[in-house]
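Report on the following structure.
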Amino acid sequence: MFKKHIPNAITCCNLISGCIATYWAFQGDSHLALLFIVIGAVFDFFDGMTARLLHVSSPIGKELDSLADDITFGFAPSAIVFHFLNAECTMHNAQCALPYLAFIMAAFSALRLAKFNLDERQALGFIGLPTPANALFWGSLIAGSGEWLPTLPYASWLILLSTFWSCYLLVSEIPMFALKFKTWGWEGNEIKYIFLITCIPLLLFFGISGIAIVIAWYVVLSVVAMRKK
């Protein structure tokens, strides 16, 4: 009887990680916010795995998982972008509503998760950008940018436009590959192996910012793979 509650407990750990990530995002510590997003992603991975291993699943678990994911991978990255945009406004002594537009990403993440729950086409891949990938992109971009990002001309507008673009990717009909292998051979897995091989030097060379570059590269490869079909 107890084992059926284990996956839900792990999912709640994901949700709590997202809450902590959001707190640190509002405090302006994007590194700690990113850390707890990563921790949430680990819990998100293991709750599904645990449910399959224990052969337990329930409708409440599915709903709870979507709620936790929207907090960790929707609201938390939105808070990171909000703080960045708000700091930009403060630096220029401007009072504006621009930073609040960052929370559109939380709404689109919720829509993405709802679509995923109902879409039967996403068993072996994804349609649209997965919310964990989007969250890792924004967390690593802001955390890894240091001092150079705010110095870019029109940095706030570039971030805002990029936010809108990521919202589109979340709910788009673009097929994106998952790192699931039916066989270990090269044929049929070319894109996956290219992605994995190129990730290593990107992460080693660019550090935290390399995560954002890897996510962008993932989107590019997914589009290339789509056009080849």
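The values are calculated or read from the model by the stated rules, or taken from the named source; none is laboratory data. Note that the coordinates shown come from a computational prediction; the quantities given were computed from them, not determined experimentally. Because the Cβ atoms are built from the backbone with ideal geometry, glycine has one as well, and the counts that use them run over all protein chains shown. For accessibility, only protein heavy atoms count, side chains too; no ligands or nucleic acids. Shrake-Rupley method; radii C 1.70, N 1.55, O 1.52, S 1.80 Å.
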Modelled label-to-label distance, VAL42 and MET226, 7 Å Cα→beta-carbon offset: nm? 3.3
Using alpha-carbon positions, what is the distance between the centroids of segment 4-33 and segment 151-206, in Å? 23
Tilt of helix 59-70 relative to the longest C-alpha principal axis of the chain, in degrees (0 to 90, nearest 10)? 30
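Suppose a student asked you for the relative contact order of the chain, using Cα pairs under 8 Å spaced at least 6 residues apart; what percent would you report? The partial results should precede the final answer.
Working: 311 pairs, mean separation 45.6, N = 229.
About 20 percent, as a whole number.
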Just want the answer: with Cβ charges of +1 for Lys and Arg and -1 for Asp and Glu, which residue in ALA135, HIS31, LEU54 is farthest toward the dipole's positive end in segment 17-152? LEU54
Using the alpha-carbon atoms, what tilt in degrees (0 to 90, nearest 10) does helix 76-91 show relative to the longest principal axis of the chain? 10
FRET efficiency for LYS180 and ASP119, Cβ-Cβ distance as r, R0 = 22 Å, nearest 0.05? 0.85
ILE208: net charge of surrounding residues, Cβ under 15 Å, Lys/Arg +1, Asp/Glu -1, itself excluded? -2
State to the nearest 20 debye the size of the charge dipole of the chain about its Cα centre, where the only charges are +1 on K and R beta carbons and -1 on D and E beta carbons. 660
Using a simple spin-label model with points 7 Å from Cα along the Cα→Cβ vector, what separation in nm is obtained for PHE206 and CYS19? 3.4
Could you give P(r) for segment 1-109, binned at 10 Å from zero, as whole percent values over all Cα-Cα pairs? 17, 38, 26, 13, 5, 1
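Computing the accessible area with a 1.4 Å probe over protein heavy atoms, can you report the carbon and sulfur percentage for segment 1-108?
71
Let me check I have the definition right: for segment 154-229, take the eigenvalues of the Cα gyration tensor, multiply each by 5, take square roots. What are those semi-axes in whole Å, largest first? Don't skip to the answer; put the middle values down first.
Details: eigenvalues 131, 64, 14 Å².
Square roots of five times the eigenvalues give 26, 18, 8 Å.
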Determine, at each q value in 0.14, 0.16, 0.23 (inverse angstroms), the log₁₀ of I(q)/I(0) that the Debye formula gives when each Cα of segment 83-205 is one equal point scatterer. -0.77, -0.93, -1.32
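Could you check how much of the accessible area of segment 140-229 is carbon and sulfur, as a whole percent, using a 1.4 Å probe?
On the way: 4050 of 5530 Å².
Carbon and sulfur: 73 percent of the exposed surface of segment 140-229.
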Need the full-extension length gain, THR198 to LEU54, defined as separation in residues times 0.36 nm minus the C-alpha distance. One decimal, nm. 48.3 nm
Can you give me the angle between helix 155-171 and the longest principal axis of the chain, using Cα atoms only, in degrees from 0 to 90, rounded to the nearest 10? 20
Applying a 10 Å radius around every beta-carbon, put 185-193, 65-73, 211-219, 155-163 in order of their mean neighbour count, most first. 65-73, 211-219, 155-163, 185-193
Subtract the Cα-Cα distance of LEU149 and GLU187 from 0.36 nm times their separation in residues, and report this length gain in nm to one decimal. 9.7 nm
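Determine the order of ARG112, ARG227, ARG52 by accessible area, beginning with the largest, at a probe radius of 1.4 Å. Each step should come with its number before you reach the end.
Values: ARG112 10, ARG227 190, ARG52 160 Å².
Ranking ARG112, ARG227, ARG52 by accessible area, largest first, yields ARG227, ARG52, ARG112.
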1.4 Å probe accessible area per residue over the chain, in Å²: 55
Just for the Cα atoms in the chain, what are the lengths along the principal axes, largest first, rounded to whole Å? 56, 44, 30
Using helices alone, what [θ] at 222 nm do you get for the chain, with -39,500 (n - 2.57) per DSSP H run of 4 or more residues, divided over all residues and rounded to the nearest 500? -23500 deg cm²/dmol
